[in-house]
Amino acid sequence: MYRSWLRTRLKAGLRSVFFSVLTLLPLTAQSIPNSRIQGYPWLLSAIRNNHMPSGYLDLAKCRMTKNISDMKADRRTYGVRFTDNFSFNPDNGEIVTIMNILYLQTKDLNGTPVLMNRPATTILSGKPQTGFLNYQIVMSFDGKTLMQLYQCPWDKAVFLWR
């Protein structure tokens, strides 16, 4: 008699756990890499499952680590995607995508604002041992090569979805 009571209680407990998991599954699915990518492991998972992410970077929340130019720190927001010129290095785990953009800038020439556009290359890269995404912009202008490198924290500046 005790065994049948115990068996019944065990089945009821397992059923409640099973239904609890089914109920909570949609809630946890939002935090798994099906929505916003919030770190390198999620980015790697999205790329391995052929869900190339896209989104934007908020450079106002990034830290400039190198500036080989006469340009001020950029604080704009840029759209990014991992569909063009994307690569994964299995030796060190680095994920890189290269995008060609048109860098627009307004210059004041003798009191007249002039829109200048320069072709630029942006390189977005992430490594497993870092808590940030690197954003590098490179352009050539008047025989000089200009480069800026930013470190963008995943939680504050990187907004990618797959």
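The values are calculated or read from the model by the stated rules, or taken from the named source; none is laboratory data. From a predicted model like this one, the values you see are computed outputs, not experimental measurements. Here the Cβ positions follow ideal geometry from the backbone for every residue, glycine too, while neighbour counts run over all protein chains shown. Each accessible area value is taken on the protein alone, full model and side chains, heavy atoms only, with ligands, DNA and RNA left out. Shrake-Rupley method; radii C 1.70, N 1.55, O 1.52, S 1.80 Å.
The residues packed around Arg75, meaning those with a beta-carbon under 15 Å from its beta-carbon, carry a net charge of +3 if Lys and Arg are +1 and Asp and Glu are -1.
Taking 12 Å as the cut-off, the amide N atoms of the range 40-63 that come nearer than this to a point 7 Å along the Cα-to-beta-carbon line of Thr77 belong to 55-61. A 1.4 Å probe run over the protein chains yields, for the range 34-141, 58 Å² of accessible area per residue, whole-number rounding.
Summing charges over neighbours of Gly93, with a neighbour being any other residue whose Cβ is under 13 Å away from its Cβ, gives 0 when K and R count +1 and D and E count -1. Listed by chain and number, the aspartates and glutamates placed with their C-alpha closer than 16 angstrom to that of Lys127 are Asp91, Glu94, Asp155; residues fewer than eight positions away on the same chain are left out. Across the range 93-162, the fraction of Cα-Cα pairs farther apart than 17 Å, rounded to a whole number, is 55%. Once the chain from Met52 to Val114 is taken as fully extended at 0.36 nm per residue, the excess over their C-alpha distance is 18.7 nm. Under conditions of 25 °C and 0.890 mPa s, the range 36-162 yields 159 µm² s⁻¹ as its translational diffusion coefficient, taking Rh as the Kirkwood radius over Cα pairs in the Stokes-Einstein equation.
Label positions at Ser140 and Ile101, each projected 7 Å from the Cα along the C-beta direction, are separated by 2.0 nm.
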